[in-house]
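Down below is the structure, laid out as structure tokens.
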Amino acid sequence: MNRTDLTDRSADTAALSTVSRRNVLLGGAAGLIASALPFGAESQSLIPGAKRPQPTGDTTMSSITTQDGVTIFYKDWGRGQPIVFSHGWPLSADDWDAQMMFFLSHGYRVIAHDRRGHGRSSQVSEGHDMDHYADDLAALTAHLNLKDAIHVGHSTGGGEVTRYIAKHGESRVAKAVLISSVPPIMVKTPANPGGLPKSVFDGFQAQVATNRAQFYIDLPAGPFYGYNRSGSKPSQGVIENWWRQGMMGGIKAQYDGIVAFSQTDFVPDLKKFTVPTLVMHGDDDQIVPYADAGPLSAKLVKGAILKTYKGFPHGMPTTNADTINADLLEFIKA
């Protein structure tokens, strides 16, 4: 037997010894756990083929399947008059946490869904346009048989609400609220000279396609919540929650969604509104600039109320939730 054989045998012996000691420790731990369990639970966990106890309660996510086979996740809490929340790009229903909790505590039924391709909904490659967004929202309201509903949309969600009302009518709608919303149209055109150049949105798409993980840190850490302004107090939790929601969604949906929210013309849609409508917009919105959005939408909707918030950022439902919630409640009760 040479030196190499001896070395190998010593290594094998050490490994076996380690495994033996590990088994003893694991066996002892298992014994301690088993001794702490009720007899029935211990028996079911140890007897081969025994039927294990089933968890109680609803362990499935609430969702619907659209006509084109897309699964749409939604939350539906409480009772009372329904308030339906449509989220912004590239987020999810979770972005409405502050509003869901507030209005639930005030006796309303609150509903929020993840747009197709976003959050927990199907990450499909097609249908990322306002018509499909509106159809998905209509499918959800029909599935839940909502009546006398207040529809609240933030940013891209405001476009979704606008197209939904224009395309599917107001038979289920009581009121509408557009917060920091993309209508009437964001991109600069001959008919919309105050819009943003298409190159801005091309840049958004390039950043999503090449490194959305970094882009989804830079955007909330900067202009989305106004954290790039002097005197602001950035919340790391808010920034990371934005990143979390964004990274949950599919990159294809978010890439296509930039075209949907920036190039869709909502002017004809807004002219179809007859329900009471509240338009809320911060004058320091660096994502959907105020002058070419809120005031113009309010002019196009007959009888709409425009509320302008001095110094508020695009993400004001989060950064200024107390103010936004109070004004929403006042409008809903009016």
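The values are calculated or read from the model by the stated rules, or taken from the named source; none is laboratory data. These figures come from a predicted structure and were not determined experimentally. Heads up, the Cβs are rebuilt from the backbone with ideal geometry, glycines too, and the neighbour counts pull from every protein chain shown.
Each row is one residue, and each column tells you yes or no for (1) farther than 18 Å from VAL173 by Cα; (2) surrounded by fewer than 15 Cβ atoms within 10 Å (Cβ to Cβ); (3) more than 18 Å from the chain's Cα centre (by Cα).
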position: PHE261; (1), (2), (3): yes, no, no
position: THR277; (1), (2), (3): no, no, yes
position: MET280; (1), (2), (3): yes, no, yes
position: LYS299; (1), (2), (3): yes, yes, yes
position: LEU306; (1), (2), (3): yes, no, yes
position: THR318; (1), (2), (3): yes, no, no
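From the list PHE224, PHE204, which one is under 19 Å from the mean Cα position of the chain (by Cα) and either over 23 Å from ALA321 (Cβ atoms) or free of Cβ contacts under 8 Å to residues at least 12 places away in the same chain (or both)?
PHE204
For PRO313, state whether it is under 22 Å from ASP95 (Cα atoms), part of a helix (DSSP H, G or I), at pLDDT 95 or above and under 24 Å from the mean Cα position of the chain (by Cα).
No: the conditions fail for PRO313.
Can you name every residue in region 106-165 that is within 16 Å of the chain's Cα centre (by Cα) and part of a strand (DSSP E or B)?
Listed by number, the residues that qualify are VAL110, ILE111, ALA112, HIS113, HIS151, VAL152, GLY153, HIS154.
Here's a check for you: in region 247-269, which residue that is in a loop (DSSP other than H, G, I, E, B) and of a type outside the set (A, V, I, L, M, F, W, C) is farthest from SER155 (Cα to Cα)?
The selected residue is GLY250.
Consider only pairs whose beta carbons are under 7 Å apart and that are at least six residues apart or on different chains; among these, list those whose first residue lies in region 288-308 and is without any contact (Cβ under 8 Å) to a residue 24 or more places away in the chain and over 11 Å from LEU178 (Cβ atoms) and whose second residue is buried (at least 17 other Cβ atoms within 10 Å of the Cβ) and not acidic (Asp, Glu).
Hits for this filter: TYR290/HIS281; TYR290/GLY282; PRO295/LEU306.
Please go through (1) more than 22 Å from LEU328 (Cα to Cα); (2) in contact with a strand residue (DSSP E or B) (Cβ under 8 Å, 6 or more places away or on another chain) for GLY249 and return the number of the only condition it doesn't satisfy.
In the conditions (1) more than 22 Å from LEU328 (Cα to Cα); (2) in contact with a strand residue (DSSP E or B) (Cβ under 8 Å, 6 or more places away or on another chain), GLY249 misses (2) alone.
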